[in-house]
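Q: For reference, the structure I am asking about is given below.
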Amino acid sequence: YEQPNAIRDTYRGRLLADKGIIKMAGVDDNLDRIAKANRILIVGCGTSWHAGLVAEYIFEDMARIPVEVEYASEFRYRNPVITENDVVIAISQSGETADTMAAIKLAKEKGAFVFGVCNVVGSSISRETMAGAYTHAGPEIGVASTKAFTTQITVLTLMALKLGKYKGTISNSDFRLHLQALEAIPKKVAKLLQSDKVIKEIAATYKDARNCIYLGRGYNFPVALEGALKLKEISYIHAEGYPAAEMKHGPIALIDEEMPVVVIAVRKGHYEKVVSNIQEIKSRKGKIISVVTEGDVEVKELADHVIEIPETIEALTPLLTTIPLQLLSYHIAVLLGKNVDQPRNLAKSVTV
Ligand code: F1P
């Protein structure tokens, strides 16, 4: 529920949409180095890794810099090829995650320029990185990341737009369009939070599910992963996220009348393909919960339940589609009597 303000606070002061300007000291001071990077390597864990995956789409779309995203928890244990022409972006809510710290150390040893995206001012990761940008979300109250995810995406979007403008890989009109669309997001998130009642009803229907599949395409593939992680973390229901098109390469075998499938099917990029994925699920009697764009007709006819999100440009849809998935996990967890703020076995910052 804090997300409209958290997102607004994160861009306020940095985004002068009426003037077509983005001010980010950490990026401004190193603009040429970041813009000329051979590649950007993003590292993080859990939800922060998912924010990195969204950023991969944004950076490649807007700034045309090749991006790789890796779990910090794996990256730290291998011998990656990194040079001084690489930029490594480390993302962390707490700023204390040991795996991410170790990845930063390794990247610095190899000579890369290491940039941090953190929530917590003065945290270990913000000190260890060479430059950075804070989200203005403040620390998460609970263990599971929620507002951290949307504000990390906000920061990374601003960064990609800035780099795109500097490199000339995004047109001035597209740049302005994105800034204006970003400025409209907090109100849309606030509106979306009003679908809480519908989501609570869906939660009541599926609270006893043993498994759940999440599907998304393009910018919303990482959101599918994040939706599944939220359900696992706070409800202890087994859930997996996949790119929608990957379903036919294996997970489809799991679909029967017992299986809820959450499909993000916003009316953007390859929507028709997602509609045909939904038809495949329906013909196997899976239960379909779909996140759609307001006014959608096609998916509504097929799905068992729909949650509508307001219209926005494609690159910003994750900021909206994430919200109902967080609420769904929250309501299921509450209905099951779980402690949503302190899930079992999870620590706020994983420092070992
Ligand atoms: C990473 C993370 C969180 C998750 C849980 C455990 O933390 O995996 O995404 O919700 O709290 O840690 P961070 O590096 O983003 O603080």
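Q: Along the positive direction of the dipole of the chain (beta-carbon charges: Lys, Arg +1; Asp, Glu -1; about the Cα centre), which of 259, 101, 192 reaches farthest?
A: The residue sitting farthest along the positive end of the dipole is 101.
Q: For a quick check of your reading of the filter: which chymotrypsin sites (Phe, Trp or Tyr not before Pro) in the range 196-284 sit in a DSSP loop and have no more than 15 other Cβ atoms within 10 Å?
A: Filter output for the range 196-284: 236.
Q: Same structure again: Taking the highest mean first, how do the peptides 15-24, 323-332, 291-300 order by number of other beta carbon atoms within 10 angstrom per residue?
A: Those peptides, ordered most packed to least, come out 323-332, 291-300, 15-24.
Q: For the range 192-335, what is the relative contact order in percent, using Cα pairs closer than 8 Å and at least 6 residues apart in sequence?
A: Taking the mean separation of contacting Cα pairs over the length of the range 192-335, I get 32 percent.
Q: Going by amide H atoms built from the backbone, whose H comes under 5 Å of the H on residue 67, apart from near neighbours?
A: The answer is 40.
Q: When only Cα pairs under 8 Å and 6 or more residues apart are kept, what is the percent relative contact order across the chain?
A: 18
Q: Each residue of the range 336-352 in order: what ³J(HN,Hα) in whole Hz does its phi give by Karplus 6.51 cos²θ - 1.76 cosθ + 1.60, θ = phi - 60°, with x for Gly and Pro?
A: Karplus values, whole Hz, x for Gly and Pro: 8, x, 8, 8, 5, 7, 10, x, 4, 6, 10, 10, 4, 10, 8, 9, 10.
Q: Here is a further query. From the P(r) of the chain, can you give the percent of Cα pairs sitting at distances over 30 Å?
A: Value for the chain: 34 percent of Cα pairs lie more than 30 Å apart.
Q: Let me ask you something else. Over all distinct Cα pairs, what is the inverse of the mean 1/r for the range 25-117, reported as the Kirkwood hydrodynamic radius in Å?
A: The Cα-based Kirkwood calculation yields 13.0 Å.
Q: By how many degrees, 0 to 90 and rounded to 10, does the Cα axis of helix 172-192 deviate from the longest principal axis of the chain?
A: 50
Q: Using a Förster radius of 35 Å, what is the FRET efficiency between residue 33 and residue 276 based on their Cβ-Cβ separation? Nearest 0.05, please.
A: Using R0 = 35 Å, I get an efficiency of 0.20.
Q: Using only Cα atoms, tell me the angle between helix 196-206 and the longest principal axis of the chain; keep it within 0 to 90° and round to the nearest 10.
A: 60
Q: Quick check: convex hull of the Cα atoms in the range 3-170, volume per residue, rounded to a whole Å³?
A: Convex hull volume per residue, Cα atoms: 97 Å³.
Q: Quick one: net charge around residue 165, please, counting Lys, Arg +1 and Asp, Glu -1 for every other residue with C-beta under 11 Å from its C-beta.
A: +2
Quick note: the coordinates plus some simple rules give every number you see, no bench work behind them. Since the structure is predicted, the reported quantities are computational estimates derived from the model, not experimental observations. We place every Cβ from the backbone using ideal geometry, glycine too, and count neighbours over all the protein chains shown.
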